[in-house]
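*Asks:* I am attaching a structure below and will ask some questions about it afterwards.
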Amino acid sequence: MRYWLMKSEPTTYSIDDLFRDGSTYWEGVRNYQARNYMRDQMKIGDLALFYHSNASPPGVAGICCISSPCVPDLTALDSNSHYFDPKSTLENPIWMMIEVKFVEKFPHFVSLEEIKKTQDLLDMLVLKKGMRLSIMPVEEKHYTIVRKLGRKNR
């Protein structure tokens, strides 16, 4: 099993939206490295920290689980979509998406500031300068610490 951090702007799609829907396709990823993580490394059953980006404050709101294999991102083929890419075709898809399902919303939101102040999390990729990927791997030890912080009010 692998662990991930997946970023979404809460005004676009939040942990509460995932709770309501139960599952969703993680579509609209338009960075090659993030796409490669989905396509080549994510597996059904992997767990991901659901991170609210471009929020005040940003941070981890809960956990989701990879629930399907990677498939072509059909928003890339839709000329009316914000994520349309005319170079992508069904025969040669450039962009991929993966289904995630809701696991839990943390009773305690783990802010980016709290992550920065936690000594054992200082080498998390999300804290590295210039690391702006929407999907990134997380070490198991980091996942466990963030999950514990998020559950601390239970």
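The values are calculated or read from the model by the stated rules, or taken from the named source; none is laboratory data. Computed from a predicted structure; not experimentally measured. Here Cβ is always computed from backbone atoms with ideal geometry, including for glycine, and neighbour counts include all displayed protein chains.
*Asks:* Starting from residues that are surrounded by 14 or more Cβ atoms within 10 Å (Cβ to Cβ) and touching a strand residue (DSSP E or B) at 6+ places or on another chain (Cβ under 7 Å), keep the ones in region 125-138 and report whichever is farthest from residue 96 (Cα to Cα).
*Replies:* Looking at the filtered set, the residue picked out is 126.
*Asks:* Oh, and also: In region 54-74, how many residues are modelled with pLDDT under 95 and under 17 Å from residue 17 (Cβ atoms)?
*Replies:* 2
*Asks:* Residues that are assigned to a loop (DSSP other than H, G, I, E, B) and crowded, with 23+ Cβ neighbours inside 10 Å: does region 46-54 have at least one?
*Replies:* Initially, region 46-54 is screened for residues assigned to a loop (DSSP other than H, G, I, E, B), giving 46, 53-54.
With crowded, with 23+ Cβ neighbours inside 10 Å added as a condition, the list becomes none.
No - not one qualifying residue is present in region 46-54.
*Asks:* Residues of region 93-104 being touching a residue at least 60 places away in the same chain (Cβ under 8 Å), crowded, with 17+ Cβ neighbours inside 10 Å and of a type outside the set (Phe, Trp, Tyr), which ones? Full working, then the answer.
*Replies:* Step one: filter region 93-104 for residues touching a residue at least 60 places away in the same chain (Cβ under 8 Å), giving 95-102.
The next check asks that each one be crowded, with 17+ Cβ neighbours inside 10 Å; those that pass are 95-100, 102.
Correct list: 96, 97, 98, 99, 100.
*Asks:* Looking at region 59-84, which of its residues are surrounded by 15 or more Cβ atoms within 10 Å (Cβ to Cβ), out of contact with any strand residue (DSSP E or B) (no Cβ under 9 Å at 6 or more places or on another chain) and not hydrophobic (A, V, I, L, M, F, W, C)?
*Replies:* 83
*Asks:* While we're here: Does region 1-56 hold any residues that are aliphatic (A, V, I, L, M), more than 10 Å from the chain's Cα centre (by Cα) and under 15 Å from residue 110 (Cβ atoms), and which are they?
*Replies:* 15, 55
*Asks:* Let me ask something additional. Among the residues of region 1-45, which ones are under 18 Å from residue 147 (Cβ atoms) and in a helix (DSSP H, G or I)?
*Replies:* The answer is 15, 18, 19.
*Asks:* Now for a different question. Looking at 78, 40, which is the one that is over 29 Å from residue 153 (Cα atoms), out of contact with any Ser or Thr (no Cβ under 9 Å at 6 or more places or on another chain) and at pLDDT below 95? Show your work before the answer.
*Replies:* Details: 40 fails: at pLDDT below 95.
Sole residue among the options that is over 29 Å from residue 153 (Cα atoms), out of contact with any Ser or Thr (no Cβ under 9 Å at 6 or more places or on another chain) and at pLDDT below 95: 78.
*Asks:* Please pick out the residue among 115, 94, 98, 63 that is of a type outside the set (S, T, N, Q) and assigned to a loop (DSSP other than H, G, I, E, B).
*Replies:* Numbers: 115 fails: assigned to a loop (DSSP other than H, G, I, E, B); 98 fails: assigned to a loop (DSSP other than H, G, I, E, B); 63 fails: assigned to a loop (DSSP other than H, G, I, E, B).
Checking each option against the conditions leaves just 94.
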